[in-house]
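The values are calculated or read from the model by the stated rules, or taken from the named source; none is laboratory data. Computed from a predicted structure; not experimentally measured. All Cβ positions, even for glycine, are placed from backbone atoms using ideal geometry, and neighbour counts span all protein chains on display. For the accessible areas, the whole protein counts, side chains as well, though only heavy atoms, and no ligand, DNA or RNA atoms are used. Shrake-Rupley method; radii C 1.70, N 1.55, O 1.52, S 1.80 Å.
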Amino acid sequence: MRTQATREIFDHWVQLCGDQAAPLRTQIDPMLLRRVLPHLFIVITEGSDDPTFRLAGTRICDLFGTELKGLAFKAIWSDSRNAQPLEICRSAIQYERPALLDVLAEGMNGSRPYEMLLLPLRPGPEASDRVLGALVPQAQALSVASPPINGLALQKWTFLEKDGAKQTPEDTDAQRDGPAMRGLLGLRSFGTGRAF
């Protein structure tokens, strides 16, 4: 993780997990994350196969120039490049594995690197149905006066262990857990040609 904010969010999630694969959504205390709230979002499946934004922080909405609540997760990705991020999000929820993505925010004024976290949350004793997400600039954020971006482009990604270590296809047993995960991890590298 490249930013202090991303590490802070991840550490808070790990602390809440304890011995569980994912914490309960009711355990998330916005006051403890108030410094990074503008960079947070929640995406939920609610029985659908199409994850949807339940809420999004002000910096994220400013970045896209619109309120994201109710918008499909796949809608924030540039054109035809939304299939893999969508599968990563679904897998983070289904397999309760945190994911870290390097993305580019693409706009009229070029592109800027951002870091995205996808951290599974449970509604209760049942399995996860949502992620607590973060979208944090790796360098200086675009100003509020900047024109909205066109979308995000995935550069590379990985699953994370609770100690922050990155997982690779060789050291995870998730490949045998189902076709979606096998499809994700069966790639030559995570992302678009470069592995973490």
Of the listed residues (R7, R54), the one being of a type outside the set (A, V, I, L, M), open to solvent by 70 Å² or more (accessible area, probe 1.4 Å) and at pLDDT 95 or above is R54
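Restricting attention to the range 120-139, which residues are crowded, with 19+ Cβ neighbours inside 10 Å and part of a loop (DSSP other than H, G, I, E, B)? Can you show your working first?
Here is the first cut: in the range 120-139, the residues crowded, with 19+ Cβ neighbours inside 10 Å are 120-122, 128-136.
Passing the criteria: S128, D129.
Looking at the structure I just gave you, is D79 open to solvent by less than 80 Å² (accessible area, probe 1.4 Å), among the acidic types (D, E) and closer than 23 Å to E106 by Cα? Reasoning before the result, please.
Numbers: open to solvent by less than 80 Å² (accessible area, probe 1.4 Å): no; among the acidic types (D, E): yes; closer than 23 Å to E106 by Cα: yes.
For D79, the condition - open to solvent by less than 80 Å² (accessible area, probe 1.4 Å), among the acidic types (D, E) and closer than 23 Å to E106 by Cα - is not met.
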Apart from one, (1) part of a helix (DSSP H, G or I); (2) in contact with a Ser or Thr (Cβ under 8 Å, 6 or more places away or on another chain) all hold for A75; the odd one out is (2)
Is it true that some residue in the range 12-33 is without any contact (Cβ under 8 Å) to a residue 12 or more places away in the chain, assigned to a loop (DSSP other than H, G, I, E, B) and over 18 Å from P120 (Cβ atoms)? no
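Considering only residues that are buried (at least 23 other Cβ atoms within 10 Å of the Cβ) and in a strand (DSSP E or B), look in the range 98-115 and name the one that is farthest from the chain's Cα centre (by Cα).
From the range 98-115, those buried (at least 23 other Cβ atoms within 10 Å of the Cβ) are 98-101, 103, 105, 114; that's our starting set.
Retained after the next criterion (residues that are in a strand (DSSP E or B)): 99-101, 103, 105, 114.
On the way: A99: 6, L100: 6, L101: 7, V103: 10, A105: 14, Y114: 11 Å.
Per the criteria, the residue is A105.
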Test result for E87, among the acidic types (D, E), more than 20 Å from A139 (Cβ to Cβ), assigned to a helix (DSSP H, G or I) and touching a residue at least 24 places away in the same chain (Cβ under 8 Å):
yes
By residue number, the members of the range 38-51 that are modelled with pLDDT of 95 or more and in contact with a Pro (Cβ under 8 Å, 6 or more places away or on another chain) are V43, I44
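From the list D62, D49, exactly one residue is part of a loop (DSSP other than H, G, I, E, B) and more than 15 Å from the chain's Cα centre (by Cα). Which is it? Write out each step before concluding.
Values: D62 fails: part of a loop (DSSP other than H, G, I, E, B).
From the options D62, D49, the qualifying one is D49.
Starting from residues that are of a type in the set (G, A, S) and closer than 12 Å to A153 by Cα, keep the ones in the range 75-98 and report whichever is modelled with the highest pLDDT.
We begin by selecting, within the range 75-98, every residue of a type in the set (G, A, S); these are 75, 78, 80, 83, 91-92.
Still in the list and also closer than 12 Å to A153 by Cα: 75, 78, 80, 83.
On the way: A75: 93, S78: 90, S80: 68, A83: 88.
So, considering only residues that are of a type in the set (G, A, S) and closer than 12 Å to A153 by Cα, the one modelled with the highest pLDDT is A75.
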